[in-house]
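Novice: One structure coming up, written as structure tokens, with questions to follow.
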Amino acid sequence: MQRLFQYLTQFRRPLWLAIFNAVLNKVLDLMPPFLTAWLIDAVSGQSPFWIKNSLGITDAWQTAIFLAILTFVIFGLESFFEWLYQRGFRNLAQEVQHRLRISAYNKLQSREMAFFESQRTGNLMAILNDDVNQLERFINSVFHEIVQMIVLVLFAGWSLCQVSFELGWISMIPIPFIVLGSLYYQRKVRPYYQEVRNRVGELGARLENNISGILVIKSFTAEPFESNRLREVSEKYRDAQFKAIKWNAAYEPLIRIFISIGFGLSLLVGAYWILFEPGRFSLGDLAFFAMMTQRLLWPVTRLGDIFDEYERARAASDRIFSLLDSQSTIVDTTNGVPLPDHPGNISFRDLHFAYQPGLEVLNGIEFNIRKGETLGIAGPTGGGKTTLIKLLLRLYEPTQGQILMEGIDLKDIALSDLRKNIALVSQDVYLFHGSVLENIAYGLENYSLEAVQAAAKKAQLHDFINSLPQQYDTIVGERGIKLSGGQRQRLSIARAILKDAPILILDEATSSVDTETERALQESLDELTADRTAIIIAHRLSTIRRADRIIVLKDGKISETGDHDTLVKLGRDYADLWRVQTGMSVV
């Protein structure tokens, strides 16, 4: 919560203005006991000194009229300041919520891929949505209550002691017990609300996982199995809430016992003074103490709810600021060395990489790619082909060695400069919910329909799009669910073509397309890679047959290199893969 309050310092002016209005509202809200006391004294023949001497009003009825007008003015101002502070805190809460969510999202975008592989999507969604909303509720609904609670105790306590110092202290006897009880309550419920926030993340992760995998669930008739798994997670969340509710439900009834003691004592002592010590205490004073004590003590019972919301916000704040304070292992340079126009010369020098310590995926990779060259990468599954591309995009850092582009270490190049020069078609195609046009032109601010159509034609997708009811405005659905795997992959190719980056990476770009489409794409491959440095990863070796050079990765090392004909004649790993795929014997 200290981090939250530090964060709020950037909103000093609206924060202090809202606090000022809340203070004025609470002071005016405490005026009715004064007004009531003055009126009772006036009608009983003891007109208040300040009305009689300062205003010159001695008649009881005139005093009553004046107090009625004053009541109207006070209530009007009280309502006005309530409107001001409510609007102020609500606007502040919305602004903080907005900025925190954007900051947390930007932090997520800056994190390395390894971070996402160790996190549940639903848990991250819970931070961005539920936790941020929890802080918004705290600022909007609870923060001003804390301010007004402080004003209440100070102003009410001062006013009570001004009327009668002894009776004022008697009326406030319960407050230390209430505060101590609230602090004890806070300490007890804190771990429970931390558990609640964690269970929210787990529940969100399970729901997100199941909804995303609904096809698999249905195809394996696993609905009862997943329902049970969700029930277990939901029960843990429910039980965590039950533990917090147990303390929350007991808090207020216990606190009211202390309140009744203070309230009863103040009334008893005040009545005694009126009856047996005439002149020491007036009926107006007794009415004032009864009303002010009630206004002081009963709202203090809200301390439990305030601490309740405070602990919820504290747990949420912990998760949000833990994310904001986390550091990415991929550090973007602030003074990046600029790349020349149309870069394409790439060097891998003694490259090593391991996702987990001791389990190297790449071991001593070393080769160069010339500008304008089309390089094919082949090899068995798990050989490190896709990992090589992730390192080139700097989604991960090498554990040893360097990758250079135009002689510049990737670490010295700004990430935006590096990645804008690379167009990737991944084997795992992701499409956003939106139109075909929006997905092809994704990430581009300036583009024309003609350019989109030209890219679609090169990707062998234009005719299919024209057959759709709304053509390029057709909605593809979440993750492109309305398209087949091959159509999604061709759309991804069109997206990369439209980006028009000098370096093109095709990572199993034809794995989901049919044979006819693959043949058409192969025929246009020369056009796709013209004036570009191209890296093509393929299990289907026919895709890279016409590459200028092919390297074969096996067990994290380069086992052989050369063009297609040379590698086939060598009769080694590549030739074996070619024979398996084509059924042709190697001569």
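The values are calculated or read from the model by the stated rules, or taken from the named source; none is laboratory data. Because the structure is a prediction, the values reported are computed rather than measured. Cβ placement follows ideal geometry from the backbone for every residue including glycine, while neighbour counts extend to all protein chains displayed.
Novice: Can you report the number of residues in the stretch 85-138 which are under 19 Å from Asn209 (Cα atoms) and of a type in the set (Ser, Thr, Tyr)?
Specialist: 2
Novice: I'd like the full set of residues that are over 20 Å from Asn123 (Cβ atoms) and either outside any helix (DSSP H, G or I) or under 25 Å from the mean Cα position of the chain (by Cα) (or both), limited to the stretch 215-243.
Specialist: Result: Phe220, Thr221, Ala222.
Novice: A further question on this structure: Restricting attention to the stretch 91-111, does a residue exist that is part of a helix (DSSP H, G or I) and in contact with a Cys (Cβ under 7 Å, 6 or more places away or on another chain)?
Specialist: no
Novice: A follow-up question, please. At pLDDT below 75, in contact with a Lys or Arg (Cβ under 7 Å, 6 or more places away or on another chain) and either among the basic types (Lys, Arg) or not in a strand (DSSP E or B) (or both) - does that describe any residue in the stretch 492-501?
Specialist: Scanning the stretch 492-501 turns up no residue that is at pLDDT below 75, in contact with a Lys or Arg (Cβ under 7 Å, 6 or more places away or on another chain) and either among the basic types (Lys, Arg) or not in a strand (DSSP E or B) (or both).
Novice: Now for a different question. Specify which of the listed residues (Gly372, Gly358) is on the phi > 0 side of the Ramachandran plot and free of Cβ contacts under 8 Å to residues at least 12 places away in the same chain.
Specialist: The match here is Gly358.
Novice: Mind listing whichever residues of the stretch 456-481 are hydrophobic (A, V, I, L, M, F, W, C) and surrounded by 13 or more Cβ atoms within 10 Å (Cβ to Cβ)?
Specialist: Answer for the stretch 456-481, where residues must be hydrophobic (A, V, I, L, M, F, W, C) and surrounded by 13 or more Cβ atoms within 10 Å (Cβ to Cβ): Ala456, Ala459, Leu461, Phe464, Ile465, Leu468, Ile475, Val476.
Novice: So which pairs qualify, if the first residue must be in the stretch 551-565 and within 14 Å of Ile537 (Cα to Cα) and β-branched (Val, Ile, Thr), the second must be in a loop (DSSP other than H, G, I, E, B) and modelled with pLDDT under 85, the Cβ gap must be under 6 Å, and the two must be at least 6 apart or on different chains?
Specialist: Pairs that qualify, where the first residue is within 14 Å of Ile537 (Cα to Cα) and β-branched (Val, Ile, Thr) and the partner is in a loop (DSSP other than H, G, I, E, B) and modelled with pLDDT under 85, are Val552/Gly379.
Novice: Ser317 passes all but one of (1) modelled with pLDDT under 80; (2) surrounded by 15 or more Cβ atoms within 10 Å (Cβ to Cβ); (3) under 28 Å from Ile139 (Cβ atoms); (4) of a type in the set (Gly, Ala, Ser); which number fails?
Specialist: Tallying (1) modelled with pLDDT under 80; (2) surrounded by 15 or more Cβ atoms within 10 Å (Cβ to Cβ); (3) under 28 Å from Ile139 (Cβ atoms); (4) of a type in the set (Gly, Ala, Ser), Ser317 fails exactly one: (1).
Novice: Across the stretch 1-56, what is the total count of residues that are surrounded by 14 or more Cβ atoms within 10 Å (Cβ to Cβ), modelled with pLDDT under 80 and not in a helix (DSSP H, G or I)?
Specialist: Final tally of qualifying residues: 4.
Novice: Now a separate question. Mind listing whichever residues of the stretch 366-401 are polar (S, T, N, Q), more than 20 Å from Arg572 (Cβ to Cβ) and surrounded by fewer than 17 Cβ atoms within 10 Å (Cβ to Cβ)?
Specialist: Result: Asn368, Thr399, Gln400.
Novice: Right, here's the next one. Suppose we keep only residues that are among the acidic types (Asp, Glu) and crowded, with 20+ Cβ neighbours inside 10 Å within the stretch 129-144. Which one would you say is nearest to Leu203 (Cα to Cα)?
Specialist: Result: Asp131.
Matching residues to (1) touching a Gly at 6+ places or on another chain (Cβ under 8 Å); (2) without any contact (Cβ under 8 Å) to a residue 24 or more places away in the chain:
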residue: Gly168; (1), (2): yes, yes
residue: Tyr192; (1), (2): no, no
residue: Leu207; (1), (2): yes, no
residue: Asn210; (1), (2): no, yes
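Novice: In this structure, does Phe288 turn out to be touching a residue at least 60 places away in the same chain (Cβ under 8 Å), assigned to a loop (DSSP other than H, G, I, E, B) and under 30 Å from Ala42 (Cα atoms)?
Specialist: Against the criterion (touching a residue at least 60 places away in the same chain (Cβ under 8 Å), assigned to a loop (DSSP other than H, G, I, E, B) and under 30 Å from Ala42 (Cα atoms)), Phe288 does not qualify.
Novice: If Arg99 meets every condition in (1) charged (D, E, K, R); (2) exposed (fewer than 15 other Cβ atoms within 10 Å of the Cβ); (3) within 26 Å of Asp305 (Cα to Cα) apart from one, which number is that one?
Specialist: Evaluating Arg99 over (1) charged (D, E, K, R); (2) exposed (fewer than 15 other Cβ atoms within 10 Å of the Cβ); (3) within 26 Å of Asp305 (Cα to Cα) leaves (3) as the failure.
Here's the yes/no breakdown for (1) polar (S, T, N, Q); (2) within 30 Å of Ala271 (Cα to Cα); (3) touching a strand residue (DSSP E or B) at 6+ places or on another chain (Cβ under 8 Å):
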| site | (1), (2), (3) |
| --- | --- |
| Ile170 | no, yes, no |
| Ile178 | no, yes, no |
| Leu183 | no, no, no |
| Gln186 | yes, no, no |
| Gln194 | yes, no, no |
| Asn198 | yes, no, no |
| Ala205 | no, no, no |
| Asn209 | yes, no, no |
| Val233 | no, no, no |
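Novice: Between Ser347, Ser328, which is under 37 Å from the mean Cα position of the chain (by Cα) and either of a type outside the set (Phe, Trp, Tyr) or part of a loop (DSSP other than H, G, I, E, B) (or both)?
Specialist: The unique qualifying residue is Ser328.
Novice: For the stretch 260-318, which residues satisfy the criterion of being hydroxyl-bearing (Ser, Thr, Tyr), closer than 17 Å to Phe165 by Cα and in contact with a helix residue (DSSP H, G or I) (Cβ under 9 Å, 6 or more places away or on another chain)?
Specialist: Ser266, Ser282, Thr293
Novice: Out of Leu283, Leu215, which single residue is among the aliphatic types (A, V, I, L, M), over 30 Å from Lys188 (Cβ atoms) and modelled with pLDDT of 75 or more?
Specialist: Result: Leu283 is the single residue among Leu283, Leu215 that is among the aliphatic types (A, V, I, L, M), over 30 Å from Lys188 (Cβ atoms) and modelled with pLDDT of 75 or more.
Novice: Going through the stretch 512-537 one residue at a time, which ones are of a type in the set (Gly, Ala, Ser), modelled with pLDDT under 80, over 24 Å from Asn446 (Cβ atoms) and more than 35 Å from the chain's Cα centre (by Cα)?
Specialist: Ala520, Ser524
Novice: Then there is this: Taking the stated definitions as given, is Leu375 farther than 30 Å from Arg190 by Cβ and over 25 Å from the mean Cα position of the chain (by Cα)?
Specialist: Yes: the conditions hold for Leu375.
Novice: While we're looking at this one, here's another question. Could you tell me which of the residues Asn335, Asn421, Asn368 is out of contact with any Leu (no Cβ under 8 Å at 6 or more places or on another chain), at pLDDT 85 or above and over 30 Å from Leu8 (Cα atoms)?
Specialist: Of Asn335, Asn421, Asn368, the one residue that is out of contact with any Leu (no Cβ under 8 Å at 6 or more places or on another chain), at pLDDT 85 or above and over 30 Å from Leu8 (Cα atoms) is Asn368.
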